[in-house]
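Trainee: Structure in structure tokens, see below.
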Amino acid sequence: MHKDKSKLKKKINARIRKRIRAKVFGTAERPRVFVFKSNRYIYVQAINDESGTALATACTLEKVFKEKNKNFKNKEASENLGKLLAFRLKEKKIEKIVFDRGTYPYHGRVKTLADALRKGGLVF
């Protein structure tokens, strides 16, 4: 029995992450788009798992994003972040992606981000 709830949560998240990563793999033609939410910001990366490199990144911490938006954590911010990443991937001629939600459930800001990526023209 775990006395510390944070240790238990880390153990559960590690199990969820391992289960998802067993199914999701990114390549140069079809990178894995990974979402991370901190207490203040949202970070998104398009990753090529074959070489271990990030092909494109976007976060609500960027200067470009801060100039256009005043909120960094709500659904509107995640939608604008999805549009920004979709634009950057389109510049690199990437049309298809694999979406990796991490340990977060697929609703709320994560779902809004995924829908914005789809509206931006990416297929997954």
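Trainee: Before we move on, is Ile12 surrounded by 18 or more Cβ atoms within 10 Å (Cβ to Cβ) and outside any loop (DSSP other than H, G, I, E, B)? Lay out the reasoning, then the answer.
Mentor: Numbers: surrounded by 18 or more Cβ atoms within 10 Å (Cβ to Cβ): no; outside any loop (DSSP other than H, G, I, E, B): yes.
Judged against the criteria, Ile12 is not a match.
Trainee: Then there's this: Please count how many residues of segment 40-51 are over 18 Å from Asn80 (Cα atoms) and either among the small types (Gly, Ala, Ser) or at pLDDT below 95 (or both). Please lay out each step first, then the result.
Mentor: Applying the first criterion (over 18 Å from Asn80 (Cα atoms)) to segment 40-51 yields 47-51.
So of that shortlist, the ones also either among the small types (Gly, Ala, Ser) or at pLDDT below 95 (or both) come out as 51.
Of the residues in segment 40-51, 1 are over 18 Å from Asn80 (Cα atoms) and either among the small types (Gly, Ala, Ser) or at pLDDT below 95 (or both).
Trainee: Could you grab me the full set of residues in segment 83-110 that are part of a strand (DSSP E or B), within 14 Å of Phe36 (Cα to Cα) and not hydrophobic (A, V, I, L, M, F, W, C)? Don't jump to the end; show me each part of the working.
Mentor: At the first step, the residues of segment 83-110 found to be part of a strand (DSSP E or B) are 96, 98-100.
Adding the requirement that they be within 14 Å of Phe36 (Cα to Cα) leaves 99-100.
Hit for segment 83-110 is Asp100, nothing else.
Trainee: Can you pull out the residues in segment 60-82 that are charged (D, E, K, R) and part of a loop (DSSP other than H, G, I, E, B)? Don't jump to the end; show me each part of the working.
Mentor: If we filter segment 60-82 for residues that are charged (D, E, K, R), which is where we start, we get 62-63, 66-68, 70, 73, 75-76, 79.
Glu62, Lys70, Lys73, listed by residue number.
Trainee: Please count how many residues of segment 40-59 are part of a loop (DSSP other than H, G, I, E, B) and either under 12 Å from the mean Cα position of the chain (by Cα) or without any contact (Cβ under 8 Å) to a residue 12 or more places away in the chain (or both).
Mentor: Going through segment 40-59 one residue at a time, the tally reaches 2.
Trainee: Residue check: is Val64 aliphatic (A, V, I, L, M), without any contact (Cβ under 8 Å) to a residue 40 or more places away in the chain and out of contact with any strand residue (DSSP E or B) (no Cβ under 8 Å at 6 or more places or on another chain)? Please lay out each step first, then the result.
Mentor: Values: aliphatic (A, V, I, L, M): yes; without any contact (Cβ under 8 Å) to a residue 40 or more places away in the chain: yes; out of contact with any strand residue (DSSP E or B) (no Cβ under 8 Å at 6 or more places or on another chain): yes.
When the stated conditions are applied, Val64 passes them.
Trainee: Look at Ser6 and say whether it is modelled with pLDDT under 95, among the polar types (S, T, N, Q) and under 15 Å from the mean Cα position of the chain (by Cα). Reasoning before the result, please.
Mentor: Values: modelled with pLDDT under 95: yes; among the polar types (S, T, N, Q): yes; under 15 Å from the mean Cα position of the chain (by Cα): no.
Spelling it out, it is not the case that Ser6 is modelled with pLDDT under 95, among the polar types (S, T, N, Q) and under 15 Å from the mean Cα position of the chain (by Cα).
The values are calculated or read from the model by the stated rules, or taken from the named source; none is laboratory data. It should be emphasised that the depicted structure is a prediction, and the values quoted were computed from it without experimental measurement. Every residue, glycine among them, receives a Cβ derived from its backbone with ideal geometry; neighbour counts consider all protein chains shown.
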